[in-house]
1. Counting only residues that are assigned to a loop (DSSP other than H, G, I, E, B) and of a type in the set (D, E), which one in the stretch 519-537 is farthest from ligand 2 (Cβ to nearest atom)?
2. Please report, ordered by residue number, the helices (runs of 4 or more DSSP H) entirely within the stretch 441-518 with at least 3 residues that are at negative phi, within 11 Å of ligand 1 (Cβ to nearest atom) and in contact (Cβ under 8 Å) with a residue 12 or more places away in the chain.
3. Taking A372 and the conditions (1) more than 16 Å from ligand 2 (Cβ to nearest atom); (2) farther than 30 Å from N66 by Cβ; (3) open to solvent by 10 Å² or more (accessible area, probe 1.4 Å), which numbered condition does it fall short on, given that it satisfies the others?
4. Only one of R504, R458 is more than 9 Å from ligand 2 (Cβ to nearest atom), under 14 Å from T571 (Cβ atoms) and surrounded by fewer than 24 Cβ atoms within 10 Å (Cβ to Cβ). Can you tell me which?
5. Report yes if L419 is buried (at least 22 other Cβ atoms within 10 Å of the Cβ) and in contact with a helix residue (DSSP H, G or I) (Cβ under 9 Å, 6 or more places away or on another chain), otherwise no.
6. If we keep just the residues of the stretch 538-557 that are crowded, with 20+ Cβ neighbours inside 10 Å and in a helix (DSSP H, G or I), which is nearest to the chain's Cα centre (by Cα)?
7. Answer yes or no as to whether I411 is within 13 Å of ligand 1 (Cβ to nearest atom) and either open to solvent by less than 60 Å² (accessible area, probe 1.4 Å) or within 19 Å of L272 (Cβ to Cβ) (or both).
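The values are calculated or read from the model by the stated rules, or taken from the named source; none is laboratory data. It should be emphasised that the depicted structure is a prediction, and the values quoted were computed from it without experimental measurement. Using ideal geometry, Cβ is built from the backbone for each residue, glycine included, and neighbour counts are taken over all protein chains shown. Quick note on the areas: whole protein, heavy atoms, side chains included, nothing else; ligands and nucleic acids left out. Shrake-Rupley method; radii C 1.70, N 1.55, O 1.52, S 1.80 Å.
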Amino acid sequence: MSQKTVRLTMAQALARFMTRQMTVIEGEKVPIFGGAFAIFGHGNVAGVGEALYAVRDELPTYRGQNEQGMAHAAIAFAKASFRRRFMAATTSIGPGALNMVTAAALAHVNRLPILLLPGDVFANRGPDPVLQQVENFGDGTVSANDCFKPVSRYFDRITRPEQIMPALRRAMEVLTDPAECGPVTLSLCQDVQAEAYDYPESFFEERVWKTRRVLPDADEFASAAVALQKAKKPVIIAGGGVLYSEASEALRTFAENHGLPVMETQAGKSSLPHDHYLNMGSVGVTGTSAANQLAEEADLVLAVGTRLQDFTTGSWALFRNEDLEIVGLNVQPFDAGKHGAMPLVGDARTTLEALDASLGGWQADQDWTDSALKGKAEWLEAAGRATAPTNELPSDAQVIGAVQRARDNAILVCAAGGLPGELHKLWQARGPGSYHLEYGFSTMGYEIAGGLGVKLARPYDDVVVMVGDGSYMMLNSEIASSIMLGAKLTIVLLDNAGYGCINRLQMATGGANFNNLLKDTYHEVLPQIDFAAHAASMGAVARKVASIAELEAALKETERETRTTVLVIDTDPLITTEAGGAWWDVAVPEVSDRKQVNAARKDYEQALKDQKHV
Ligand SMILES: Cc1ncc(C[n+]2csc(CCOP(=O)(O)OP(=O)(O)O)c2C)c(N)n1
Ligand SMILES: [Mg+2]
């Protein structure tokens, strides 16, 4: 019996396949691809462009302004969808493609799904070198797109039309598997995009993807349960995996039933509502005093869905208890066994539910839980002082307070600069996903583009982006896309005239104030950037406010505004919240003419003694 086939170009097959991949969200079957972002050039306009046009009713195509920005938006869409849905991003060859490499790395670090479709050189080599082709003298198989290899979870170069079939099947496995999840790059040779093949119709059958929930191994599970029952001072660190597993409810039940304080990483923040009595807030370098005190004393850390990056572990100097055991509950073995942890490989939700049942009436010592509650009360007082309104040049924390008071229900989006640390400590997140920080790669320029992706994923939510002047300058052009798409963002721009957080880090490591704040840069003319005028030129409602009170009023006033709104406020580059925090390993020069560096080096060597190596 011969297979039924349909004659399509490779790009048409790709587009048609994407439209047939579905998932179920709240009982409703929806396309798993939320759309494609595209910037065309000779490397994709004729092939992929023609194919996307044909499916535009089923798979919308959005025009970005910058390849990195549009890919950020696509990645944010996936993060805001808890990885249940995702998008594609297609570029031309050469610069268009490579503009997307940083975004690929961002998705790779944060374990977020995106299908990257950069155009590539001619597979047939006929017209070589084509415009924008990188020529390698020693290896004919290399193209610029090889740069995607180390930052893709799966990479394939499509050099024959039929090759797209196994490549797309593998792509879908990677995009939907909770452990493997990350960016997939299918590098599409531009001649092959336009080549036809008789594809089997079965390739285009509808497929409904569901979340795989991995059950833990019986021995690992038993060992983890024993370790927990032995513990006197147990804590839970909730990472992004809690949100991606939609395990908030299971986490809350587990913590309540057994009296375990919970602390959250940047990716895991909003796993529990901020006002849940067991939520100690942020942990680590940007942690609350409540969480970090417990982390120092804990004899057992149940690390759920976290990569345990240095900001979480205080560069492995935070945990001081000599008998500390870490149970690594993670769907990815690479993370589960980190730093000598007892691995507990499994889905967060399913495993927490099973652990809860198996532990029965076991509870952490009442004294331990009580000391947690006391620590939280003390922290809340310190946090309240940091975010209280002021009439002076405000700190980031005071701006955060104003945003919180005016737009408490917003989804807060941020990525880099001084804000992430302050937000981690101070933002009071409500439900799961209401706090959206890209702090795995902490990419300047994610904020506004990311906000756009969040808004596309959650159009009925109020999306507030907080961004520094430095990040704004790096990548702001997706403001124009947000206007085009009617995707309203509220952008609060904190202008401290430079790279405030790096300036502070420079000072803390003994360095001279150099090349961070604009006043400390080499310049003939000190830049005076009119950010409000800049944003207005792209169509945004934009305004500079002179005080915290004005900001709060403007935030309330513009809540119903339908166009993207940019509110600019001057801030103090030197002030941060002193309460909380922990040491962070940043190597200080061993030799320097500066006495401040020598002093910082001494402190550094002392601090290194607390760092645990296993
Ligand atoms: C793409 C990129 N380049 C460089 C850095 C290093 N870096 C982190 S924060 C920062 C300065 C951010 O400045 P701004 O957005 O004004 O925030 P502020 O530090 O002033 O709060 C720099 C240069 C980065 N994270 N991302
Ligand atoms: Mg700044």
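1. This residue is E524.
2. Once the helices (runs of 4 or more DSSP H) in the stretch 441-518 are filtered for at least 3 residues that are at negative phi, within 11 Å of ligand 1 (Cβ to nearest atom) and in contact (Cβ under 8 Å) with a residue 12 or more places away in the chain, what remains is 469-474, 500-508.
3. With respect to (1) more than 16 Å from ligand 2 (Cβ to nearest atom); (2) farther than 30 Å from N66 by Cβ; (3) open to solvent by 10 Å² or more (accessible area, probe 1.4 Å), A372 is out only on (3).
4. It is R504.
5. Yes, satisfied.
6. Out of the qualifying residues, it is L555.
7. Working: within 13 Å of ligand 1 (Cβ to nearest atom): no; either open to solvent by less than 60 Å² (accessible area, probe 1.4 Å) or within 19 Å of L272 (Cβ to Cβ) (or both): yes.
Here the answer is no, as I411 does not meet what is asked.
Here's the yes/no breakdown for (1) farther than 26 Å from E422 by Cβ; (2) of a type in the set (S, T, Y); (3) without any contact (Cβ under 8 Å) to a residue 40 or more places away in the chain:
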| site | (1), (2), (3) |
| --- | --- |
| R560 | yes, no, yes |
| T571 | no, yes, no |
| V591 | yes, no, yes |
| H613 | yes, no, no |
